[in-house]
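Written out below as C-alpha coordinates is the structure these notes cover.
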Amino acid sequence: MATPGTVHEALAELELVDHHCHGAVAADLAAGEFASLLTEGEARPGVSPFDSPVGLAVRRHCAPLLDLPRHAPPADYLDRRTALGWREVNRRFLRAARAGVFLVDTGYAPHPLTSPAELAEAAGATAHEVVRLEPVAEAVAARGVEPDAYAAAFRTAAEEAVRRPDVVAVKSVAAYRTGFALDPARPTDAEVTGAARRWLAGGGRLADPVLVRHLLWTAVDLGLPLQLHTGFGDADLRLHHADPALLTDWLRLVSGTVPVLLLHCWPYHRQAAYLAAVFERVYLDVGLALHHTGPARCRAVLEEALEITPFRKLLYSSDAYGVAEFHHLGALCFRQGLADLLQARVDADEVSLPDALRIAAWTGRDNARRLYGPPVSGDAPARDPGTRPTRKV
(Lines give C-alpha, C1' and ligand atoms only; values in the text may rest on other atoms or scores of the structure.)
Protein backbone atom coordinates (compact mmCIF):
# COMPACT_ATOMS: atom_id res chain seq x y z
CA MET A 1 0.00 0.00 0.00
CA ALA A 2 1.30 3.43 -0.89
CA THR A 3 2.37 5.70 1.93
CA PRO A 4 -0.41 8.24 2.47
CA GLY A 5 0.49 11.40 0.63
CA THR A 6 -0.92 14.22 -1.39
CA VAL A 7 -3.48 12.16 -3.30
CA HIS A 8 -4.77 10.63 -0.07
CA GLU A 9 -5.13 14.08 1.45
CA ALA A 10 -6.99 15.40 -1.59
CA LEU A 11 -9.44 12.51 -1.67
CA ALA A 12 -9.97 12.69 2.10
CA GLU A 13 -11.06 16.32 1.67
CA LEU A 14 -13.13 15.79 -1.50
CA GLU A 15 -16.89 16.11 -1.03
CA LEU A 16 -18.20 13.15 -3.01
CA VAL A 17 -21.26 12.76 -5.21
CA ASP A 18 -22.80 9.36 -4.51
CA HIS A 19 -24.60 8.99 -7.81
CA HIS A 20 -26.53 5.84 -6.86
CA CYS A 21 -27.70 4.71 -3.44
CA HIS A 22 -30.82 3.87 -1.47
CA GLY A 23 -32.25 4.99 1.85
CA ALA A 24 -31.21 3.77 5.27
CA VAL A 25 -33.65 1.80 7.41
CA ALA A 26 -35.72 4.14 9.56
CA ALA A 27 -36.19 1.69 12.44
CA ASP A 28 -34.13 -0.13 15.02
CA LEU A 29 -32.95 -3.48 13.71
CA ALA A 30 -32.94 -6.78 15.55
CA ALA A 31 -29.78 -8.86 15.25
CA GLY A 32 -31.22 -11.07 12.53
CA GLU A 33 -32.56 -8.13 10.55
CA PHE A 34 -29.20 -6.36 10.64
CA ALA A 35 -27.40 -9.55 9.63
CA SER A 36 -29.72 -10.06 6.65
CA LEU A 37 -28.88 -6.56 5.39
CA LEU A 38 -25.13 -7.21 5.55
CA THR A 39 -25.25 -9.70 2.71
CA GLU A 40 -26.70 -10.03 -0.78
CA GLY A 41 -27.03 -13.76 -0.10
CA GLU A 42 -29.63 -15.82 1.69
CA ALA A 43 -29.44 -16.35 5.45
CA ARG A 44 -27.86 -19.65 6.48
CA PRO A 45 -28.37 -21.11 9.95
CA GLY A 46 -25.14 -21.06 11.91
CA VAL A 47 -23.32 -18.87 9.38
CA SER A 48 -22.82 -15.24 10.34
CA PRO A 49 -22.50 -12.56 7.64
CA PHE A 50 -19.99 -10.94 9.99
CA ASP A 51 -17.68 -13.76 8.87
CA SER A 52 -17.21 -12.26 5.42
CA PRO A 53 -15.07 -9.49 3.92
CA VAL A 54 -17.85 -6.93 4.40
CA GLY A 55 -18.54 -8.17 7.92
CA LEU A 56 -14.90 -7.73 8.88
CA ALA A 57 -14.89 -4.28 7.31
CA VAL A 58 -17.91 -3.26 9.39
CA ARG A 59 -16.25 -4.41 12.60
CA ARG A 60 -12.95 -2.70 11.70
CA HIS A 61 -14.07 0.58 10.15
CA CYS A 62 -17.58 1.16 11.48
CA ALA A 63 -17.18 0.12 15.12
CA PRO A 64 -15.10 3.23 16.04
CA LEU A 65 -17.92 5.49 14.82
CA LEU A 66 -20.13 3.82 17.42
CA ASP A 67 -17.51 4.50 20.12
CA LEU A 68 -16.33 0.89 20.09
CA PRO A 69 -12.80 -0.48 19.65
CA ARG A 70 -11.73 -1.66 16.21
CA HIS A 71 -12.73 -5.28 15.54
CA ALA A 72 -15.40 -5.19 18.24
CA PRO A 73 -17.24 -8.53 18.57
CA PRO A 74 -20.53 -8.71 16.65
CA ALA A 75 -22.62 -8.94 19.82
CA ASP A 76 -21.04 -5.77 21.21
CA TYR A 77 -21.51 -4.02 17.89
CA LEU A 78 -25.20 -4.88 17.72
CA ASP A 79 -25.81 -3.93 21.36
CA ARG A 80 -24.19 -0.54 20.85
CA ARG A 81 -26.15 0.06 17.65
CA THR A 82 -29.39 -0.63 19.50
CA ALA A 83 -28.42 1.60 22.43
CA LEU A 84 -27.73 4.57 20.14
CA GLY A 85 -30.95 4.16 18.13
CA TRP A 86 -31.40 4.24 14.40
CA ARG A 87 -31.49 8.01 14.01
CA GLU A 88 -28.12 8.54 15.68
CA VAL A 89 -26.59 5.53 13.92
CA ASN A 90 -27.72 6.83 10.53
CA ARG A 91 -26.53 10.34 11.32
CA ARG A 92 -23.04 9.19 12.31
CA PHE A 93 -22.44 7.00 9.28
CA LEU A 94 -24.03 9.30 6.72
CA ARG A 95 -22.00 12.27 7.93
CA ALA A 96 -18.84 10.16 7.97
CA ALA A 97 -19.35 9.41 4.25
CA ARG A 98 -18.74 13.11 3.54
CA ALA A 99 -20.82 13.11 0.39
CA GLY A 100 -22.28 16.45 -0.62
CA VAL A 101 -24.94 14.91 -2.87
CA PHE A 102 -26.80 11.59 -2.86
CA LEU A 103 -28.84 10.34 -5.83
CA VAL A 104 -31.39 8.00 -4.27
CA ASP A 105 -33.22 5.14 -5.97
CA THR A 106 -36.63 5.10 -4.27
CA GLY A 107 -38.07 2.15 -6.19
CA TYR A 108 -37.11 -0.67 -3.83
CA ALA A 109 -38.38 -0.46 -0.27
CA PRO A 110 -39.17 -3.78 1.44
CA HIS A 111 -38.04 -2.02 4.65
CA PRO A 112 -39.08 1.39 6.02
CA LEU A 113 -36.41 3.62 4.51
CA THR A 114 -35.41 7.25 4.84
CA SER A 115 -36.73 9.41 2.02
CA PRO A 116 -34.20 11.38 -0.04
CA ALA A 117 -34.98 14.46 2.07
CA GLU A 118 -34.53 12.52 5.33
CA LEU A 119 -31.29 11.01 4.08
CA ALA A 120 -30.03 14.46 3.13
CA GLU A 121 -30.94 15.91 6.52
CA ALA A 122 -29.16 13.13 8.40
CA ALA A 123 -26.08 13.50 6.19
CA GLY A 124 -25.99 17.30 6.19
CA ALA A 125 -26.06 17.09 2.39
CA THR A 126 -28.49 17.35 -0.52
CA ALA A 127 -30.32 14.50 -2.21
CA HIS A 128 -32.18 13.93 -5.46
CA GLU A 129 -34.35 11.08 -6.69
CA VAL A 130 -33.73 8.38 -9.26
CA VAL A 131 -37.03 6.96 -10.55
CA ARG A 132 -37.04 3.19 -10.99
CA LEU A 133 -39.27 2.48 -14.00
CA GLU A 134 -40.42 -1.10 -13.36
CA PRO A 135 -42.61 -0.06 -10.38
CA VAL A 136 -44.09 2.69 -12.55
CA ALA A 137 -45.14 0.09 -15.13
CA GLU A 138 -46.49 -2.23 -12.44
CA ALA A 139 -48.55 0.61 -10.93
CA VAL A 140 -50.10 1.25 -14.35
CA ALA A 141 -51.06 -2.43 -14.57
CA ALA A 142 -52.44 -2.45 -11.03
CA ARG A 143 -54.74 0.50 -11.78
CA GLY A 144 -56.20 -1.35 -14.75
CA VAL A 145 -55.50 -0.63 -18.39
CA GLU A 146 -56.48 -2.17 -21.72
CA PRO A 147 -53.62 -3.89 -23.56
CA ASP A 148 -53.77 -1.51 -26.51
CA ALA A 149 -53.62 1.48 -24.13
CA TYR A 150 -50.73 0.18 -22.01
CA ALA A 151 -47.89 1.83 -23.98
CA ALA A 152 -49.43 5.31 -23.82
CA ALA A 153 -50.45 4.88 -20.17
CA PHE A 154 -46.94 3.83 -19.17
CA ARG A 155 -45.39 6.70 -21.11
CA THR A 156 -47.71 9.18 -19.39
CA ALA A 157 -47.03 7.74 -15.94
CA ALA A 158 -43.27 7.80 -16.53
CA GLU A 159 -43.41 11.40 -17.72
CA GLU A 160 -45.37 12.40 -14.63
CA ALA A 161 -42.89 10.62 -12.37
CA VAL A 162 -39.85 12.38 -13.79
CA ARG A 163 -41.48 15.82 -13.75
CA ARG A 164 -41.04 16.00 -9.97
CA PRO A 165 -38.48 18.75 -9.32
CA ASP A 166 -35.93 16.60 -7.47
CA VAL A 167 -35.77 13.81 -10.09
CA VAL A 168 -32.46 13.72 -11.98
CA ALA A 169 -32.37 10.24 -13.57
CA VAL A 170 -34.28 7.04 -14.28
CA LYS A 171 -33.25 3.46 -13.61
CA SER A 172 -34.10 -0.02 -14.85
CA VAL A 173 -33.54 -3.39 -13.20
CA ALA A 174 -33.94 -5.29 -16.48
CA ALA A 175 -30.94 -7.35 -15.39
CA TYR A 176 -33.13 -8.92 -12.71
CA ARG A 177 -36.29 -9.28 -14.77
CA THR A 178 -35.12 -10.69 -18.11
CA GLY A 179 -31.39 -10.21 -18.33
CA PHE A 180 -29.76 -8.32 -21.16
CA ALA A 181 -29.87 -10.92 -23.94
CA LEU A 182 -32.78 -9.05 -25.52
CA ASP A 183 -33.64 -8.13 -29.09
CA PRO A 184 -32.13 -4.62 -29.19
CA ALA A 185 -34.71 -3.14 -31.55
CA ARG A 186 -37.54 -0.91 -30.39
CA PRO A 187 -40.66 -3.15 -30.25
CA THR A 188 -43.56 -2.36 -32.55
CA ASP A 189 -46.93 -1.17 -31.23
CA ALA A 190 -48.43 -4.55 -32.10
CA GLU A 191 -45.70 -6.38 -30.19
CA VAL A 192 -46.23 -4.20 -27.11
CA THR A 193 -50.00 -4.69 -27.20
CA GLY A 194 -49.66 -8.46 -27.52
CA ALA A 195 -47.15 -8.64 -24.68
CA ALA A 196 -49.28 -6.37 -22.51
CA ARG A 197 -52.29 -8.63 -23.09
CA ARG A 198 -50.33 -11.66 -21.86
CA TRP A 199 -48.87 -9.81 -18.85
CA LEU A 200 -52.10 -8.15 -17.76
CA ALA A 201 -53.95 -11.46 -17.96
CA GLY A 202 -51.43 -13.26 -15.79
CA GLY A 203 -50.41 -10.47 -13.41
CA GLY A 204 -47.20 -10.41 -11.41
CA ARG A 205 -44.16 -8.24 -11.81
CA LEU A 206 -42.95 -6.93 -15.14
CA ALA A 207 -40.77 -9.63 -16.66
CA ASP A 208 -41.93 -9.88 -20.26
CA PRO A 209 -38.98 -9.40 -22.67
CA VAL A 210 -41.00 -7.27 -25.09
CA LEU A 211 -42.28 -4.99 -22.33
CA VAL A 212 -38.82 -4.70 -20.78
CA ARG A 213 -37.50 -3.64 -24.21
CA HIS A 214 -40.35 -1.14 -24.42
CA LEU A 215 -39.44 0.18 -20.97
CA LEU A 216 -35.80 0.68 -21.97
CA TRP A 217 -36.75 2.54 -25.14
CA THR A 218 -39.26 4.66 -23.23
CA ALA A 219 -36.45 5.52 -20.81
CA VAL A 220 -34.37 6.75 -23.73
CA ASP A 221 -37.30 8.87 -24.93
CA LEU A 222 -37.60 10.54 -21.51
CA GLY A 223 -34.24 12.19 -22.14
CA LEU A 224 -32.75 11.80 -18.65
CA PRO A 225 -29.61 9.85 -17.68
CA LEU A 226 -30.47 6.14 -17.58
CA GLN A 227 -28.99 3.98 -14.82
CA LEU A 228 -28.87 0.21 -15.40
CA HIS A 229 -28.12 -2.35 -12.73
CA THR A 230 -25.45 -4.73 -14.07
CA GLY A 231 -23.42 -7.49 -12.46
CA PHE A 232 -23.44 -8.28 -8.74
CA GLY A 233 -26.79 -8.53 -6.99
CA ASP A 234 -28.86 -10.81 -4.83
CA ALA A 235 -30.11 -14.35 -5.46
CA ASP A 236 -32.97 -13.08 -7.63
CA LEU A 237 -30.37 -12.38 -10.33
CA ARG A 238 -28.93 -14.76 -12.91
CA LEU A 239 -25.46 -13.27 -12.93
CA HIS A 240 -24.44 -14.39 -16.42
CA HIS A 241 -27.52 -12.62 -17.81
CA ALA A 242 -26.41 -9.36 -16.17
CA ASP A 243 -23.17 -8.99 -18.16
CA PRO A 244 -23.33 -5.48 -19.67
CA ALA A 245 -21.55 -6.72 -22.81
CA LEU A 246 -24.89 -8.29 -23.74
CA LEU A 247 -26.18 -4.73 -24.24
CA THR A 248 -23.70 -3.99 -27.03
CA ASP A 249 -26.17 -4.04 -29.93
CA TRP A 250 -28.74 -1.97 -27.98
CA LEU A 251 -26.06 0.55 -27.00
CA ARG A 252 -25.10 0.87 -30.63
CA LEU A 253 -28.70 1.78 -31.45
CA VAL A 254 -29.07 4.34 -28.64
CA SER A 255 -25.58 5.80 -28.98
CA GLY A 256 -25.62 9.58 -28.87
CA THR A 257 -29.02 9.88 -27.17
CA VAL A 258 -28.88 9.78 -23.36
CA PRO A 259 -26.08 8.94 -20.93
CA VAL A 260 -26.24 5.26 -19.97
CA LEU A 261 -24.73 4.55 -16.58
CA LEU A 262 -23.74 0.94 -15.89
CA LEU A 263 -24.07 0.42 -12.16
CA HIS A 264 -21.86 -1.85 -10.02
CA CYS A 265 -20.71 -4.11 -12.88
CA TRP A 266 -18.51 -6.51 -10.85
CA PRO A 267 -17.40 -9.11 -11.95
CA TYR A 268 -18.04 -7.63 -15.40
CA HIS A 269 -16.35 -4.30 -14.70
CA ARG A 270 -13.81 -4.99 -17.45
CA GLN A 271 -16.62 -5.52 -19.96
CA ALA A 272 -18.22 -2.29 -18.73
CA ALA A 273 -14.89 -0.52 -19.13
CA TYR A 274 -14.75 -1.68 -22.74
CA LEU A 275 -18.25 -0.33 -23.39
CA ALA A 276 -17.34 3.00 -21.80
CA ALA A 277 -14.22 3.15 -23.95
CA VAL A 278 -16.00 2.55 -27.25
CA PHE A 279 -19.40 4.23 -26.78
CA GLU A 280 -19.52 7.98 -26.37
CA ARG A 281 -22.20 8.15 -23.69
CA VAL A 282 -21.62 5.01 -21.62
CA TYR A 283 -20.30 5.37 -18.06
CA LEU A 284 -19.74 3.02 -15.14
CA ASP A 285 -19.15 2.64 -11.45
CA VAL A 286 -18.17 -0.33 -9.29
CA GLY A 287 -20.77 0.44 -6.63
CA LEU A 288 -21.36 -2.14 -3.94
CA ALA A 289 -18.27 -4.12 -4.96
CA LEU A 290 -16.32 -1.52 -2.98
CA HIS A 291 -17.77 -2.31 0.42
CA HIS A 292 -18.28 -6.02 -0.29
CA THR A 293 -14.60 -6.46 -1.13
CA GLY A 294 -13.60 -4.03 1.62
CA PRO A 295 -10.48 -1.91 1.97
CA ALA A 296 -8.28 -4.97 1.48
CA ARG A 297 -9.34 -5.50 -2.14
CA CYS A 298 -11.23 -2.43 -3.37
CA ARG A 299 -8.05 -1.03 -4.91
CA ALA A 300 -7.77 -4.10 -7.14
CA VAL A 301 -11.37 -3.68 -8.34
CA LEU A 302 -10.79 0.00 -9.11
CA GLU A 303 -7.51 -0.77 -10.90
CA GLU A 304 -9.27 -3.29 -13.14
CA ALA A 305 -12.11 -0.86 -13.83
CA LEU A 306 -9.58 1.82 -14.80
CA GLU A 307 -7.45 -0.34 -17.08
CA ILE A 308 -9.01 1.15 -20.23
CA THR A 309 -11.82 3.37 -18.95
CA PRO A 310 -11.48 7.02 -19.99
CA PHE A 311 -11.08 9.01 -16.80
CA ARG A 312 -14.21 11.08 -17.50
CA LYS A 313 -16.28 7.85 -17.61
CA LEU A 314 -15.90 6.40 -14.09
CA LEU A 315 -18.20 7.63 -11.29
CA TYR A 316 -18.51 6.93 -7.58
CA SER A 317 -21.51 5.21 -6.05
CA SER A 318 -22.02 3.26 -2.86
CA ASP A 319 -25.28 1.48 -3.79
CA ALA A 320 -25.79 1.49 -0.01
CA TYR A 321 -29.11 0.03 1.04
CA GLY A 322 -30.66 -0.38 4.46
CA VAL A 323 -27.69 -0.05 6.80
CA ALA A 324 -26.01 3.34 6.80
CA GLU A 325 -22.72 1.59 7.45
CA PHE A 326 -22.61 0.95 3.71
CA HIS A 327 -22.86 4.65 2.81
CA HIS A 328 -19.79 5.16 4.99
CA LEU A 329 -17.88 2.04 3.90
CA GLY A 330 -18.46 2.71 0.22
CA ALA A 331 -17.01 6.19 0.53
CA LEU A 332 -14.11 5.01 2.70
CA CYS A 333 -13.18 2.19 0.31
CA PHE A 334 -13.45 4.45 -2.71
CA ARG A 335 -11.24 7.15 -1.20
CA GLN A 336 -8.63 4.71 0.07
CA GLY A 337 -8.56 2.43 -2.96
CA LEU A 338 -8.39 5.21 -5.55
CA ALA A 339 -5.84 7.18 -3.55
CA ASP A 340 -3.61 4.14 -3.14
CA LEU A 341 -3.57 3.33 -6.85
CA LEU A 342 -3.13 6.93 -8.01
CA GLN A 343 -0.40 7.66 -5.48
CA ALA A 344 1.43 4.51 -6.55
CA ARG A 345 1.36 5.72 -10.15
CA VAL A 346 2.60 9.15 -9.11
CA ASP A 347 5.43 7.55 -7.12
CA ALA A 348 6.34 5.43 -10.17
CA ASP A 349 6.29 8.57 -12.38
CA GLU A 350 3.53 7.04 -14.54
CA VAL A 351 1.15 9.90 -13.72
CA SER A 352 1.92 13.48 -12.76
CA LEU A 353 0.56 14.73 -9.46
CA PRO A 354 -1.72 17.33 -11.15
CA ASP A 355 -3.14 14.60 -13.40
CA ALA A 356 -3.72 12.29 -10.43
CA LEU A 357 -5.53 15.01 -8.49
CA ARG A 358 -7.67 15.82 -11.51
CA ILE A 359 -8.61 12.13 -12.00
CA ALA A 360 -9.52 11.86 -8.31
CA ALA A 361 -11.81 14.90 -8.47
CA TRP A 362 -13.39 13.79 -11.75
CA THR A 363 -14.20 10.32 -10.46
CA GLY A 364 -15.38 11.25 -7.00
CA ARG A 365 -17.43 14.32 -7.88
CA ASP A 366 -17.06 16.16 -11.17
CA ASN A 367 -18.08 13.43 -13.63
CA ALA A 368 -21.43 13.14 -11.84
CA ARG A 369 -21.84 16.91 -11.71
CA ARG A 370 -21.25 17.13 -15.44
CA LEU A 371 -23.63 14.31 -16.32
CA TYR A 372 -26.54 15.13 -14.04
CA GLY A 373 -26.25 18.87 -14.45
CA PRO A 374 -27.30 21.87 -12.36
CA PRO A 375 -29.46 20.04 -9.79
CA VAL A 376 -26.38 18.06 -8.73
CA SER A 377 -23.61 20.52 -9.56
CA GLY A 378 -25.11 23.47 -7.66
CA ASP A 379 -23.08 26.51 -8.67
CA ALA A 380 -20.83 24.51 -10.98
CA PRO A 381 -21.13 24.98 -14.76
CA ALA A 382 -23.91 23.16 -16.56
CA ARG A 383 -23.29 19.90 -18.37
CA ASP A 384 -20.81 19.92 -21.20
CA PRO A 385 -22.62 20.35 -24.54
CA GLY A 386 -21.45 16.90 -25.57
CA THR A 387 -23.16 15.24 -22.62
CA ARG A 388 -26.38 17.22 -22.22
CA PRO A 389 -29.46 15.01 -22.60
CA THR A 390 -32.53 16.51 -24.22
CA ARG A 391 -35.37 16.19 -21.74
CA LYS A 392 -38.45 15.36 -23.77
CA VAL A 393 -41.18 15.77 -21.15
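The values are calculated or read from the model by the stated rules, or taken from the named source; none is laboratory data. Treat the numbers as computed from the prediction; the structure is a model and nothing was measured. Because the Cβ atoms are built from the backbone with ideal geometry, glycine has one as well, and the counts that use them run over all protein chains shown.
Of the residues that sit in segment 1-41 and are at pLDDT below 95 and within 30 Å of LEU224 (Cβ to Cβ), which one is surrounded by the most Cβ atoms within 10 Å (Cβ to Cβ)? Result: LEU37. Among the residues of segment 136-166, those that are closer than 17 Å to ASP105 by Cβ and surrounded by fewer than 19 Cβ atoms within 10 Å (Cβ to Cβ) comprise GLU138, ALA139, ARG164, ASP166. Are any of the residues in segment 47-65 more than 19 Å from GLY330 (Cβ to Cβ) and in contact (Cβ under 8 Å) with a residue 24 or more places away in the chain? The answer is yes; a qualifying residue exists.
Residue under question is VAL104, and the condition is that it be touching a Cys at 6+ places or on another chain (Cβ under 7 Å), assigned by TED's automatic domain parsing to the domain that holds PRO244 and either within 29 Å of GLU33 (Cα to Cα) or not small (Gly, Ala, Ser) (or both); does it hold? Against the criterion (touching a Cys at 6+ places or on another chain (Cβ under 7 Å), assigned by TED's automatic domain parsing to the domain that holds PRO244 and either within 29 Å of GLU33 (Cα to Cα) or not small (Gly, Ala, Ser) (or both)), VAL104 qualifies. Screening ASP319 against (1) buried (at least 24 other Cβ atoms within 10 Å of the Cβ); (2) of a type in the set (Asp, Glu); (3) in a helix (DSSP H, G or I) leaves a single unmet condition, (3). Within the set ARG44, ARG80, ARG70, ARG91, the sole residue that is outside the structural domain of ALA289 (by TED's automatic domain parsing), touching a residue at least 24 places away in the same chain (Cβ under 8 Å) and either surrounded by fewer than 22 Cβ atoms within 10 Å (Cβ to Cβ) or farther than 29 Å from SER172 by Cα (or both) turns out to be ARG91. Taken together, LEU200, LEU215, LEU262, LEU237 contain a single residue that is in a helix (DSSP H, G or I) and within 21 Å of the chain's Cα centre (by Cα), which is LEU215. Take the conditions (1) of a type outside the set (Ser, Thr, Tyr); (2) over 12 Å from LEU228 (Cβ atoms); (3) surrounded by fewer than 24 Cβ atoms within 10 Å (Cβ to Cβ); PRO259 misses just one of them, which is (2). The set of residues in segment 344-361 that are of a type outside the set (Asp, Glu) and either at positive phi or touching a Phe, Trp or Tyr at 6+ places or on another chain (Cβ under 6 Å) (or both) contains only ILE359.
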